[in-house]
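Asks: Here it is: the structure, laid out below.
The values are calculated or read from the model by the stated rules, or taken from the named source; none is laboratory data. Nothing here was measured: the structure is a model prediction, and the numbers come from that model. So basically every Cβ, Gly included, is an ideal-geometry build from the backbone, and we count neighbours across all protein chains shown. Side chains included, ligands, DNA and RNA excluded: accessible areas come from the protein's heavy atoms. Shrake-Rupley method; radii C 1.70, N 1.55, O 1.52, S 1.80 Å.
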Amino acid sequence: GNSVTQMEGPVTLSEEAFLTINCTYTATGYPSLFWYVQYPGEGLQLLLKATKADDKGSNKGFEATYRKETTSFHLEKGSVQVSDSAVYFCALSDPLGRDSSYKLIFGSGTRLLVRP
Amino acid sequence: DSGVTQTPKHLITATGQRVTLRCSPRSGDLSVYWYQQSLDQGLQFLIQYYNGEERAKGNILERFSAQQFPDLHSELNLSSLELGDSALYFCASSVEGTSTGELFFGEGSRLTVL
């Protein structure tokens, strides 16, 4: 079945450092890809998404490009801030096989800690 | 604020007991999803409802059941609780379960089984 693999955490960086969190996927067809972020004590919220190959999703300085040839959707940010400390989840849309309905399959999450 | 409301936020109970978790989706959203987040299993899809009808089941145990009511709120019932059921249970909603759609998550209900 479809699946998502993302790098183990925690990732610890100093403020203004460059961030990369790797995400690869296995899927039949052409799923949409997502990055969700979970701040402490909160639910998940969508950070960015890409719906087809070569699309680049971006938001709040974060970017990720849908790479079909390498089945990857790595998250990057040029200069992280302390406020970016959170858990980041890569996800793909997985068809439920009925009425064009989908669910999201999530990776295991990567905790990011940014130090001042 | 995602607009999705979950109650209770925290729940502590004993093994063998039964609990009900409640979710109110965002206004206008017809689709509700339940996910379980545990340390060893990550985020696992449990079940989805659309406009009152069950759409799909994921890794949901037979001891668990859910329903979506005419006013679109949903309840997840967990019975014969075991220690391993301790987890954070998230509800999410969307207008429709499309591949490009965004899920809006509640803050979760943290269940502790002692």
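Asks: Take the residues in segment A:60-77 that are among the small types (Gly, Ala, Ser) and under 11 Å from the mean Cα position of the chain (by Cα), then tell me which one is nearest to A:Val37 (Cα to Cα). Outline the logic, then answer.
Replies: Initial filter on segment A:60-77 (among the small types (Gly, Ala, Ser)): A:61, A:64, A:72.
Still in the running and under 11 Å from the mean Cα position of the chain (by Cα): A:64, A:72.
Values: A:Ala64: 14, A:Ser72: 18 Å.
If we take residues in segment A:60-77 being among the small types (Gly, Ala, Ser) and under 11 Å from the mean Cα position of the chain (by Cα), then A:Ala64 is nearest to A:Val37 (Cα to Cα).
Asks: Quick one: is B:Tyr33 within 18 Å of A:Phe34 (Cβ to Cβ) and part of a strand (DSSP E or B)? Spell out how you get there, then give the answer.
Replies: Values: within 18 Å of A:Phe34 (Cβ to Cβ): yes; part of a strand (DSSP E or B): yes.
Answer is yes for this residue.
Asks: Looking at segment B:71-83, is at least one residue more than 8 Å from chain A (Cβ to nearest Cβ), of a type outside the set (Gly, Ala, Ser), under 17 Å from B:Thr5 (Cβ atoms) and open to solvent by 50 Å² or more (accessible area, probe 1.4 Å)?
Replies: Taking segment B:71-83 first, the residues more than 8 Å from chain A (Cβ to nearest Cβ) are B:71-83.
Restricting the remaining residues to those that are of a type outside the set (Gly, Ala, Ser) gives B:71-73, B:75-78, B:81-83.
Checking which are under 17 Å from B:Thr5 (Cβ atoms) leaves us with B:71-73, B:75-76.
This time we only want the ones that are open to solvent by 50 Å² or more (accessible area, probe 1.4 Å), so: B:71.
Yes, because at least one residue in segment B:71-83 is more than 8 Å from chain A (Cβ to nearest Cβ), of a type outside the set (Gly, Ala, Ser), under 17 Å from B:Thr5 (Cβ atoms) and open to solvent by 50 Å² or more (accessible area, probe 1.4 Å).
Asks: Given (1) at pLDDT below 95; (2) open to solvent by 40 Å² or more (accessible area, probe 1.4 Å); (3) under 27 Å from A:Val37 (Cα atoms), where does B:Gly58 come up short, assuming only one miss?
Replies: The single condition B:Gly58 does not satisfy is (2).
Asks: Take the conditions surrounded by 13 or more Cβ atoms within 10 Å (Cβ to Cβ) and in contact with a Phe, Trp or Tyr (Cβ under 6 Å, 6 or more places away or on another chain) and apply them to B:Leu21. Does it pass? Break it down into steps so the answer makes sense when it comes.
Replies: Values: surrounded by 13 or more Cβ atoms within 10 Å (Cβ to Cβ): yes; in contact with a Phe, Trp or Tyr (Cβ under 6 Å, 6 or more places away or on another chain): yes.
For B:Leu21, the condition - surrounded by 13 or more Cβ atoms within 10 Å (Cβ to Cβ) and in contact with a Phe, Trp or Tyr (Cβ under 6 Å, 6 or more places away or on another chain) - is met.
Asks: Looking only at segment A:94-112, which residues are within 16 Å of the chain's Cα centre (by Cα) and open to solvent by 60 Å² or more (accessible area, probe 1.4 Å)? Break it down into steps so the answer makes sense when it comes.
Replies: Keep residues of segment A:94-112 that are within 16 Å of the chain's Cα centre (by Cα), which gives A:94, A:103-112.
Those that are within 16 Å of the chain's Cα centre (by Cα) and open to solvent by 60 Å² or more (accessible area, probe 1.4 Å): A:Ser108, A:Arg111.
Asks: Continuing with this model, one more query. Within segment B:11-30, which residues are closer than 14 Å to B:Leu88 by Cα and assigned to a loop (DSSP other than H, G, I, E, B)?
Replies: Hits for segment B:11-30: nothing passes.
Asks: Given the condition among the hydrophobic types (A, V, I, L, M, F, W, C) and open to solvent by 30 Å² or more (accessible area, probe 1.4 Å), answer yes or no: does some residue in segment B:85-93 qualify?
Replies: Our first condition is that a residue be among the hydrophobic types (A, V, I, L, M, F, W, C); within segment B:85-93, this holds for B:87-88, B:90-92.
If we keep only those that are open to solvent by 30 Å² or more (accessible area, probe 1.4 Å) as well, we get none.
No, segment B:85-93 contains no residue that is among the hydrophobic types (A, V, I, L, M, F, W, C) and open to solvent by 30 Å² or more (accessible area, probe 1.4 Å).
Asks: Among the listed residues A:Tyr88, A:Tyr102, which satisfies the condition of being in contact with a strand residue (DSSP E or B) (Cβ under 8 Å, 6 or more places away or on another chain) and modelled with pLDDT of 95 or more? Talk me through it step by step, then tell me what you get.
Replies: Values: A:Tyr102 fails: modelled with pLDDT of 95 or more.
The conditions single out A:Tyr88.
Asks: Any idea which of (1) within 12 Å of another protein chain (Cβ to nearest Cβ); (2) within 28 Å of A:Arg111 (Cα to Cα) is the one B:Leu21 doesn't satisfy?
Replies: With (1) within 12 Å of another protein chain (Cβ to nearest Cβ); (2) within 28 Å of A:Arg111 (Cα to Cα) applied to B:Leu21, the lone miss is (1).
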